[in-house]
Amino acid sequence: MADIDWSRWTPVDRATLVFVLSGDDILLIEKKRGLGGGKVNGPGGKVDPGESVEQCAIRECKEELGIDVSELEQLGEHRFQFVDGYSIHCWVFRTSKWGGEPVETDEAVPLWRRTDAIPYERMWEDDHIWLPLILEGKAFTADWIFEDDTMLDHRLTLLAQAPGAPTE
Ligand SMILES: Nc1ncnc2c1[nH]c(=O)n2[C@H]1C[C@H](O)[C@@H](COP(=O)(O)OP(=O)(O)OP(=O)(O)O)O1
């Protein structure tokens, strides 16, 4: 964390992640392409110009899984900094409200798993640190330094309330 002035940090991209919960189950994806292609993650992706993070979350769930999510609860904020200079600011939502049946698309394969059997070994290295907080409904903000797929450092702070919407 030492070399980064997080107070001046400006991301290259903004993105979202969405976790749909249904009883003891969570809806994940096997991501086919893009950043993290080949990994298991939640549906999500980069924010389009002029789009809010919530609009992005809804659009990405439709594009990647064909489902319509609603009543999104914004709980987490990630600042991912890669040592090659790339950076991405990611907003994490959860919901238990969705319509439609998740289907495979050219971007993702749906993957329902029990919340006590999340395949962290197939996910980004950071996920096991913060996804349990999403399941518990705990708000947080977190900073991460990555070299490619390897997590070098991190700092996670629990929040009393959800992080605010992005201002950049
Ligand atoms: N470290 C880590 N853990 C968990 N999730 C992520 C990371 N780093 C990440 O970037 N992500 C997430 C954040 C986003 O949901 C995706 C990256 O966006 P991407 O899928 O590349 O964006 P799209 O808009 O869907 O894809 P393109 O159309 O740009 O190819 O990963």
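The values are calculated or read from the model by the stated rules, or taken from the named source; none is laboratory data. Predicted model, so just to flag it, every value in this text is computed and none were measured. FYI the Cβ positions are ideal-geometry reconstructions off the backbone, even for glycines, and counts take in every protein chain you see. The protein model used for the area step is the full one, side chains on, heavy atoms only, and it has no ligands, DNA or RNA in it. Shrake-Rupley method; radii C 1.70, N 1.55, O 1.52, S 1.80 Å.
Quick notes
- Just one of the listed residues (Gly44, Gly66, Gly76, Gly23) is of a type in the set (Gly, Ala, Ser) and within 9 Å of the ligand (Cβ to nearest atom), namely Gly44.
- Odd one out for Thr105, checked against (1) modelled with pLDDT under 95; (2) farther than 23 Å from Asp149 by Cα: (1)
- The one condition in (1) more than 15 Å from the ligand (Cβ to nearest atom); (2) not in a strand (DSSP E or B) that Gly38 fails to fulfil: (1)
- Those strands (runs of 3 or more DSSP E) lying entirely in region 63-165 with at least 2 residues open to solvent by less than 70 Å² (accessible area, probe 1.4 Å): 68-70, 73-82, 87-95, 108-114, 139-147, 150-159
- Test result for Ile58, surrounded by 14 or more Cβ atoms within 10 Å (Cβ to Cβ), more than 11 Å from the ligand (Cβ to nearest atom) and either in a helix (DSSP H, G or I) or not hydrophobic (A, V, I, L, M, F, W, C) (or both): yes
- For region 116-168, a residue qualifies if it is free of Cβ contacts under 8 Å to residues at least 12 places away in the same chain and farther than 26 Å from Ser52 by Cβ, and the qualifying residues are Ala117, Tyr120, Glu121, His128, Pro132.
- Number of residues in region 21-71 that are at pLDDT below 95 and in contact with a helix residue (DSSP H, G or I) (Cβ under 8 Å, 6 or more places away or on another chain): the value is 0.
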